[in-house]
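Here the structure is laid out as structure tokens; the discussion comes afterwards.
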Amino acid sequence: MVKSARPNKTLDRDLGSRVLLENANYAIRKPLVAPALGGVFIVVAILLTSLAFGWAGNGLIIALAAGLGAYMALNIGANDVANNVGPAVGANALSMGGALIIAAIFESAGALLAGGDVVGTISKGIIDPTAVSEPRVFIWAMMSALIASAVWVNLATWVGAPVSTTHSVVGGVMGAGIAAAGFAAVNWSMMSQIAASWVISPVLGGVVAALFLWLIKSQVSDQEDKITAARRWVPILIAVMAGAFSTYLAVKGLKKIVSIDLQYALLIGAVSAVLFYFVSHPMIRKQSEGKENTKETVRKLFTLPLVCAAALLSFAHGANDVANAIGPLAAIVHTAEASEVVAKVSIPIWVMIVGAFGLSFGLLLFGPKLIRMVGEQITKLNPLRAYCVALSAAITVIVASWLGLPVSSTHIAVGAVFGVGFFREAHWRVTHNREVVQQVVETEAGKANKKKRKHRKLVRRSHFLTIIAAWVITVPAASILSGLVFVLLNTVAG
């Protein structure tokens, strides 16, 4: 019996070694799966486009541009989607899989149903169209902008920095315009407004989120009778969210379906707020019946509204930011077919499909990294704090539109996360120091008390500095890269 046991032990060791080797091989191959699938999507976009336009002459240019548009859409999906669903994942209101599914569905729906059917060929009006009126030069400029902005967003995703894809495209267009026609072609007044948004967007987002968190803590979470306070305030907060998102979607997300100015959008928001207040009031009362009088109970009341907010933000993002990927592509297609440069072009349905599917594939393949960054690694979130972030994202865009301020939705959402984290730091410091002072007063001359005032850090400074640095250099980096690509393309093609 002893002799027969030895071969079995050897077999077990061999089997264990093989399992370890297979696991190691899988661990090596796993990081390559997503890039490979992304590459397949780009190749499919090129091949399908070539079937319609051929490979000769302008057909080759359009096919290559379709591949670049697909690449840009993948990167937008990988980077920007974290702003919409990251807080919900960090608060454990959604699983990663659930967040990816919701985001993919609503991003695609927003892009296909409400994505603008007309876009400007020169992003944000930062380049004088007459400076690049020669069709061939314009095509190389748009291709350079697509390549540079996509590469920059790809790099930012790789290092874990959520950046503004709009700013990336703006930088790409500016760099190509400068390389093609010189610095005089740039609208520097518009560029100064965009630069101002680097500060305006995150500060506004952070302040609004911090104010809502202060309101909820002071009026609900820190009250002695939390259930009664929640029944009074949570329906109001849900009504504010419904009104804000209705206005937000009317202003930013439904431009293709119907054009609505800000006044009518605010009216729609007000009606929605009143309706949702009366609907949510009995729901909150029922959900809170028999629950413990704790902060955890209050937080759970915000879970469903937070999930709805993530879906609505994804829809609005798909409707708006899909233009960052397909705008330059649509411009290239029109210019190649018509041999003319115009200020605005219509988006063909196939171009819209490339953008919509690219956003969805990008978030499914590469989104989890940035989702974890925004939702889990900057500061600790729960449903209540994440709700403040989502609400801030909608309200800040509305206020900025009303005031005519240039803002970035990415900067607003991430700034709101920072605002929540820094507010928690300040609140903890004030509360802790007040307790220290009280203990000193209560002891004899304070001699027996050795407790010192502290400053507890609840925001990771390394991520804060990395993200701010990425924001600041996005436009210059994309601009320089685009200029270099344009010179290369113009030299080779010329």
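The values are calculated or read from the model by the stated rules, or taken from the named source; none is laboratory data. Keep in mind it's a predicted model, so treat the numbers as computed, not measured. Virtual Cβ from ideal backbone geometry, glycine too; neighbours counted across all protein chains shown. Surface accessibility is based on the protein's heavy atoms, side chains included, excluding ligands, DNA and RNA. Shrake-Rupley method; radii C 1.70, N 1.55, O 1.52, S 1.80 Å.
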Quiz item: Can you give the convex hull volume of the alpha carbon atoms of the range 98-200 per residue, in Å³?
Solution: 136 Å³
Quiz item: Here are some pairs, K226/K369; K291/K380; K291/K369; K217/K286; which of them have Cα atoms lying more than 31 Å apart in this structure?
Solution: K226/K369; K291/K369
Quiz item: Over the range 105-217, what relative contact order in percent results from Cα pairs under 8 Å that are six or more residues apart?
Solution: 31 percent
Exercise. On the full set of protein chains, 1.4 Å probe, figure out the accessible area of D321 and give it in Å² to the nearest 10.
Key: 20 Å²
Self-check item: Column: log10 I(q)/I(0), Debye, Cα scatterers of the range 359-418, q = 0.18 Å⁻¹
Solution: -0.73
Quiz item: Leaving out ligands, DNA and RNA but keeping every protein chain, what accessible area does R136 have, in Å² rounded to the nearest 10, with a 1.4 Å probe?
Solution: 110 Å²
Quiz item: Can you work out ³J(HN,Hα) from phi for every residue in the range 58-72, in order, using Karplus 6.51 cos²θ - 1.76 cosθ + 1.60 and θ = phi - 60°, giving whole Hz and x for Gly and Pro?
Solution: 5, x, 5, 4, 5, 5, 5, 5, 5, x, 5, x, 5, 4, 5
Exercise. Please give the net charge around M72, taking every other residue with its beta carbon less than 13 angstrom from that of M72, where Lys and Arg add +1 and Asp and Glu add -1.
Key: -2
Quiz item: Taking only protein heavy atoms and a 1.4 Å probe, what accessible area per residue, in Å², does the range 326-385 have with all protein chains in place?
Solution: 36 Å²
Exercise. For V43 paired with V271, estimate the spin-label separation in nm (one decimal), with each label point 7 Å from Cα along the Cα-to-Cβ line.
Key: 5.1 nm
Quiz item: Could you state the per residue volume, in Å³, of the convex hull enclosing the Cα atoms of the range 205-317?
Solution: 105 Å³
Quiz item: Across bins of 10 angstrom width beginning at 0, how are the C-alpha pair distances of the range 293-345 distributed, in whole percent?
Solution: 20, 25, 19, 15, 11, 7, 2
Quiz item: If one computes the Cα centroid of the range 123-142 and of the range 29-64, what distance in Å separates the two points?
Solution: 25 Å
Quiz item: Counting only protein heavy atoms, what percent of the accessible surface of the range 154-206 is carbon or sulfur at a 1.4 Å probe?
Solution: 72 percent
Quiz item: With each label point set 7 Å from Cα along the Cα-Cβ vector, what nm distance links V430 and V207?
Solution: 1.7 nm
